[in-house]
1. Quick one: Met266 ticks every box in (1) in a loop (DSSP other than H, G, I, E, B); (2) in contact (Cβ under 8 Å) with a residue 12 or more places away in the chain except a single one, so which number is it?
2. Within region 1-16, can you find the residues that are farther than 18 Å from Asp75 by Cβ and under 19 Å from the mean Cα position of the chain (by Cα)?
3. Could you figure out which of (1) in contact (Cβ under 8 Å) with a residue 60 or more places away in the chain; (2) within 24 Å of Ser119 (Cα to Cα) isn't true of Phe34?
4. Among Ser124, Ser119, Ser131, which is within 18 Å of Lys103 (Cβ to Cβ) and either surrounded by 22 or more Cβ atoms within 10 Å (Cβ to Cβ) or out of contact with any Ser or Thr (no Cβ under 8 Å at 6 or more places or on another chain) (or both)?
5. What's the total number of residues in region 269-318 that are β-branched (Val, Ile, Thr) and assigned to a helix (DSSP H, G or I)?
6. Give region 70-91 a look and list any residue that's acidic (Asp, Glu) and open to solvent by 80 Å² or more (accessible area, probe 1.4 Å), or say none.
7. Which of the residues spanning region 229-263 are open to solvent by less than 60 Å² (accessible area, probe 1.4 Å), small (Gly, Ala, Ser), without any contact (Cβ under 8 Å) to a residue 24 or more places away in the chain and out of contact with any Gly (no Cβ under 8 Å at 6 or more places or on another chain)?
8. What are the pairs with Cβ atoms under 6 angstrom where one residue, in region 135-146, is modelled with pLDDT of 95 or more and the other, located anywhere, is in a strand (DSSP E or B) and of a type in the set (Asp, Glu)? Sequence gap at least six, or different chains.
Amino acid sequence: MQQDIKTVAVIGCGVIGASWACLFLSRGLKVIIFDPAQGAQEAFKKYLQDAWPALKACIPDRQDTWAQNYKFVDDLESSLGQVDFVQENGPERPEFKQELMEKLDRYTRHGIVISSSSSGLPASGFIKLCSKDPSRILVGHPFNPPHLVPLVEVVPHPGTSTSAISTAMDLYKSLGKRPILLRCEVPGFVANRLQAAINSEAYSLVSRGIVSAEDLDTAVTSGPGLRWALTGPFVTNSLGGGGGPNGFTQRIERLGPAIRGWEEDMLEHRFDWSKEKLAVLNTEASKWLGSVDWDAVTAKRDQMLLQLLQAKSRDSSV
């Protein structure tokens, strides 16, 4: 049960793992961190220092002492027995994850849920070496940065138990997340597949010289991106068809033939990942990205995310 989770293991403390650790700490949980990379502890201290003000802004009664309730460990095996939940954030390499999951499965207590932050590799691809209790393993894929963006995709493999699914869903909800449950495994899951589809068309348009990379970003952030933060494709399309329960059908009937024509053109000119197209894409992207103030972009992103989330929290329908 979620209320029994007091100590969480964060395995891998890169950008995603560090963000998860910050979120767990902000909710009063003890965090045990394992990351053998040189400089990992110093990097996390800096990340935590930068992230904590934003976390406190979300819930002002958070105690600053909670931010110190973590410990880096060198001996993973002897530490896993004391944890109540595992969030794994290792590299997206099947062989690496198989060996790591076997170790996590072997040394954690029976029934402890092991959730992977895998970006697109389904759990069935990395549980092959697990013999103790693979039924408690699943994917809990966050969106960066996890301490701010609410979405978590919970993706069980065919043998994942219902209790493991419930535990993960309940924990993520208790953290203020908005978990969605996938009914079956699919590479890339849902949100990354949607992003991949948009990115593919963006890469095609830029590499074909139709629009600059900067204007492409503007087309998203000043147009559909604003709506998508409030209403997903189905509600947005329904509103475009006049709203109401029949709006979606009306939009499909009215624009369906035109959209099919766009899709045929998109398929004909989809980004082909050739060296030539990649070279053009990288050249065009560098013209825009080379002028970006990355520290300012990150700070502005986090500030605007907080404002947007606070606005959305006042209306549970969005």
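The values are calculated or read from the model by the stated rules, or taken from the named source; none is laboratory data. The model shown is predicted, which means the values in this text are computed figures rather than measured ones. As a convention, Cβ positions derive from the backbone with ideal geometry for all residues, glycine included, and neighbour counts pool all protein chains shown. With ligands, DNA and RNA removed, areas are computed over all heavy atoms of the protein, side chains included. Shrake-Rupley method; radii C 1.70, N 1.55, O 1.52, S 1.80 Å.
1. The number of the failed condition is (1).
2. Residues of region 1-16 that are farther than 18 Å from Asp75 by Cβ, as a first pass: 1-6, 14-16.
Within region 1-16, Gly14, Val15, Ile16 meet the criteria.
3. (1)
4. Values: Ser124 fails: within 18 Å of Lys103 (Cβ to Cβ); Ser119 fails: within 18 Å of Lys103 (Cβ to Cβ).
After ruling out the rest, the residue left standing is Ser131.
5. Final tally of qualifying residues: 4.
6. Correct list: Asp74 only.
7. From region 229-263, those open to solvent by less than 60 Å² (accessible area, probe 1.4 Å) are 229, 231-232, 236-238, 240-241, 243-244, 247, 251, 255-256, 258-259, 261; that's our starting set.
Subset that is small (Gly, Ala, Ser): 229, 232, 238, 240-241, 243-244, 247, 256, 258, 261.
Remaining after also requiring without any contact (Cβ under 8 Å) to a residue 24 or more places away in the chain: 232, 238, 240-241, 243-244, 247, 256, 258, 261.
Gly232, Gly243, Gly244, Gly256, Ala258, Gly261, listed by residue number.
8. Note: pairs meeting the criteria are His141/Glu153.
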